[in-house]
1. For residue 289, indicate whether it is at pLDDT below 90 and among the hydrophobic types (A, V, I, L, M, F, W, C).
2. Look through 346, 324 and report the one residue that is assigned to a loop (DSSP other than H, G, I, E, B), surrounded by fewer than 21 Cβ atoms within 10 Å (Cβ to Cβ) and touching a helix residue (DSSP H, G or I) at 6+ places or on another chain (Cβ under 6 Å).
3. Criterion first (of a type in the set (Gly, Ala, Ser), at pLDDT below 95 and over 24 Å from the mean Cα position of the chain (by Cα)) does residue 67 satisfy it?
4. Open to solvent by 60 Å² or more (accessible area, probe 1.4 Å), in a helix (DSSP H, G or I) and modelled with pLDDT under 90: is that true of residue 249 in this structure?
5. Taking region 132-162 as the search range and keeping residues that are in a helix (DSSP H, G or I) and either in contact (Cβ under 8 Å) with a residue 60 or more places away in the chain or of a type in the set (S, T, N, Q) (or both), which one is nearest to residue 105 (Cα to Cα)?
6. Name the residues in region 114-131 that are at pLDDT 95 or above and either among the acidic types (Asp, Glu) or assigned to a loop (DSSP other than H, G, I, E, B) (or both), would you?
7. Given the conditions (1) of a type in the set (Ser, Thr, Tyr); (2) modelled with pLDDT of 90 or more; (3) surrounded by fewer than 19 Cβ atoms within 10 Å (Cβ to Cβ), and given that residue 310 satisfies all but one, which numbered condition is not satisfied?
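The values are calculated or read from the model by the stated rules, or taken from the named source; none is laboratory data. Values in this document were obtained by computation on a predicted structure and should not be read as measured data. All Cβ positions, even for glycine, are placed from backbone atoms using ideal geometry, and neighbour counts span all protein chains on display. Ligands, DNA and RNA are stripped out before the accessible areas are found, and what is left, the full protein with its side chains, is counted by its heavy atoms. Shrake-Rupley method; radii C 1.70, N 1.55, O 1.52, S 1.80 Å.
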Amino acid sequence: MRVILATIGTRGDVQPMLALAKALARRGHDPVLACPRHFAPWVEAHDIAHRELGEDVFAGTSGITKSARRQRNYFNEQLTQQATQLLAIADGADALVCTGMAWTAPSIAERLGVPSLLVLPSIAALRSRLYPPPLTPWFGLPAWINAALWSLHELAMNKMMGAPLNLVRAQLGLPAVNSFARHLFVETKGVVAADAALLPAGARTRQDAVGPLLLDDFDPLDDALEDWLARGEPPIYVGFGSMHGPHCERVGRMLVEALRGRRCLVTGSLADTLGERALPDNFFLAREAPHPQLFSRVACVVHHGGAGTTTSALRAGVPQVLLPLLLDQHLHAYALSLAQLAPRAPRMSRVTVSELRRAIKRAFASSVRSRRDAADRIQSSAAGATIVDMLEASVSV
């Protein structure tokens, strides 16, 4: 079975699909991971074939927020590019698997007459009366207000991306869709590849929740980092993945005061930012460090709330503080606070030095048993095998 896995975005978007590709390969299938070109060396190091699709989401979208016209132009360009690339990549495929930002994948599968499956590492894009849509991070609102906000959100999505998608579908000889959001998140068969802790209590979806897709990346820690970890107490980890911008930089400037006297390990884009400043000896900067090997050796994880980092911290059973910046990160912070797995903390754009200190202190006081239960549940996730079973069944029909 030749399966194309299509994803666009950051490492957090690509990593679950790489885990699924490896699950397919273990079952004897032929997976191809289509994602931005700069992930090719990483993907191929895992013996998975790579094809170029789309672009780095942050490099490509940083300038589109200036006007609605520029946004529409961007989505017109991106959806047309996606469709052209993916139609060629998927030629001869038996099934097509995608994440939410590979917006044209279900249409390509429809054109080719093969099954498609949407894999969601979060339920943040799925309509619910229990929480608001991703761009309106106001939690605790009455259900009717959440419903109204979702209606407005879906109207805005359709206005921005409905026409570009229907242009692509016309070029493919397919009928137009009435709603971009309904087409992608309701009419396309999907699964939620997330742990129960990331689903707010009572949340229900049409999609099956199969647990997180885990990638065991066993690359060793850098020698200098390994030496630094061994020379003192477990540090506070601070990392916002590939997130960058003024809010990340502002929190970075707080760290010396907020973590005075504590060892602090900073990774990702924040390490690049802080690398230009003089830092005390208790700080260590590392551009990259694999979470499976690292998180079990830190005292607390302070991060942005991306699905991948949140799941890795839960898997390690380590205290964590989420400072959400955008999109699904707000829902993850809310869900973990409801489950008493992380303290409520202000958004990254608002947090102060004293609030960050208090949040870390509360994180250390979180339930060890709850964290252990979540770690055991995630460690036993069989999401990869479950999704492969679903694909095999859909292709054999």
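1. So residue 289 passes the test.
2. Just one listed residue meets the conditions, 346.
3. So residue 67 passes the test.
4. Answer is yes for this residue.
5. Applying the filter and picking the extreme gives 161.
6. Residues satisfying the conditions are 114, 115.
7. For residue 310, the failing item is (3).
Per-residue answers, yes or no, for (1) open to solvent by 40 Å² or more (accessible area, probe 1.4 Å); (2) closer than 20 Å to residue 330 by Cβ:
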{"site": "193", "(1), (2)": "no, yes"}
{"site": "201", "(1), (2)": "yes, yes"}
{"site": "213", "(1), (2)": "no, no"}
{"site": "258", "(1), (2)": "no, no"}
{"site": "281", "(1), (2)": "yes, no"}
{"site": "297", "(1), (2)": "yes, no"}
{"site": "302", "(1), (2)": "no, yes"}
{"site": "306", "(1), (2)": "no, yes"}
